[in-house]
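Working notes for the structure below.
The values are calculated or read from the model by the stated rules, or taken from the named source; none is laboratory data. Here the structure is a predicted model, which is why all the values come from computation and not from measurement. FYI the Cβ positions are ideal-geometry reconstructions off the backbone, even for glycines, and counts take in every protein chain you see.
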Amino acid sequence: MDISKIFKNNEEWVQKKLNVQPDYFNNLSKGQTPDILYIGCSDSRVTAEELMGVAPGEVFVLRNIANMVPNTDLGVMSVINYAVMHLKVNHIVVCGHYYCGGVQAAMKSADLGILNPWLRNIRDVYRTHRDELNAITDEEARYKRLVELNVEEQCINVIKTAEVQKARTERNLTVHGWVFDIHSGKLIDLEIDFIKALENIMEIYRLD
Ligand SMILES: [Zn+2]
């Protein structure tokens, strides 16, 4: 990849936008009112906006290794706070993807240095769902299921935050768990039943 090509690409993109709408960037500079917060993986193949077909200004995006929502991560917590309290998004999406290197690394016992504490969050998901996962004999199927369960657990982490709990009650903010299937290009809604997922734990995490 020739890095200088990026600037050439950018010039062409600016021109293309201006050809269609001369005041495009003028309008963009006025501010943003996205309705969705998307939390996805940093994987270069999972390009948030492109796979959702959305334009600049429509989705507030956070990407990190394996789309995690650790409650002690200041970056993640600030993004959620800003999106919910200031941008007033009505939807929060956690989007995982099959063949996620982060999830795969967490399934192995290798020492990966600074990545260990990050991946430990995924190992905790494995521990929580150990019986279901260990019952899956096919390794690829088990790996894919862990991707799905990790999305579900990160959605629950989103719901554990005070601002999301408040917005769910006050304006019906909705949390969604999705998986992107790199093999087919398809986006899959896991249709997580949060009422069921939360029924046993909300007595512990409720903050009102
Ligand atoms: Zn990934």
Worksheet item: If you check every pair at least six apart or on different chains, which have Cβ atoms under 7 Å apart with a residue in the range 43-62 that is within 20 Å of Y99 (Cβ to Cβ) first and a residue that is assigned to a loop (DSSP other than H, G, I, E, B) and within 16 Å of the ligand (Cβ to nearest atom) second?
Response: D43/C100; R45/I182
Item to complete: State the number of residues belonging to the range 145-163 that are within 13 Å of P70 (Cα to Cα), part of a helix (DSSP H, G or I) and not acidic (D, E).
Response: 9
Worksheet item: Is there a residue being more than 16 Å from the ligand (Cβ to nearest atom) and in contact (Cβ under 8 Å) with a residue 12 or more places away in the chain anywhere in the range 132-140?
Response: yes
Worksheet item: Across the range 123-173, which residue is farthest from D208 (Cα to Cα) among those that are surrounded by 17 or more Cβ atoms within 10 Å (Cβ to Cβ) and β-branched (V, I, T)?
Response: V147
Worksheet item: What are the residues in the range 12-39 that are among the aliphatic types (A, V, I, L, M) and part of a strand (DSSP E or B), if any?
Response: I36, L37, I39
Worksheet item: Consider M85 against the criteria (1) away from the ligand (no atom under 15 Å from the Cβ); (2) without any contact (Cβ under 8 Å) to a residue 40 or more places away in the chain; (3) more than 25 Å from H183 (Cβ to Cβ): it satisfies all of them except one. Which criterion is unmet?
Response: (2)
Item to complete: Have a look at G96, G101 and point out the one that is within 10 Å of the ligand (Cβ to nearest atom), buried (at least 19 other Cβ atoms within 10 Å of the Cβ) and either under 15 Å from D181 (Cα atoms) or modelled with pLDDT of 95 or more (or both).
Response: G96
Discussion item. So, in the range 47-69, how many residues would count as being surrounded by fewer than 17 Cβ atoms within 10 Å (Cβ to Cβ), part of a loop (DSSP other than H, G, I, E, B) and within 16 Å of the ligand (Cβ to nearest atom)?
Written reply: 1
Worksheet entry | Hits in the range 1-40 (condition: of a type in the set (V, I, T) and touching a strand residue (DSSP E or B) at 6+ places or on another chain (Cβ under 6 Å)) | I36, I39
Worksheet item: Exactly one of (1) under 15 Å from N64 (Cα atoms); (2) within 15 Å of the ligand (Cβ to nearest atom); (3) among the β-branched types (V, I, T) is unmet by V125. Its number?
Response: (1)
Response to the item:
Per the filter on the range 113-141, residues in a helix (DSSP H, G or I) and over 22 Å from N157 (Cα atoms) are N134, E139, E140, A141
Worksheet item: Restricting attention to the range 106-122, and to residues there that are exposed (fewer than 10 other Cβ atoms within 10 Å of the Cβ) and under 23 Å from the mean Cα position of the chain (by Cα), which single residue is modelled with the highest pLDDT?
Response: I114
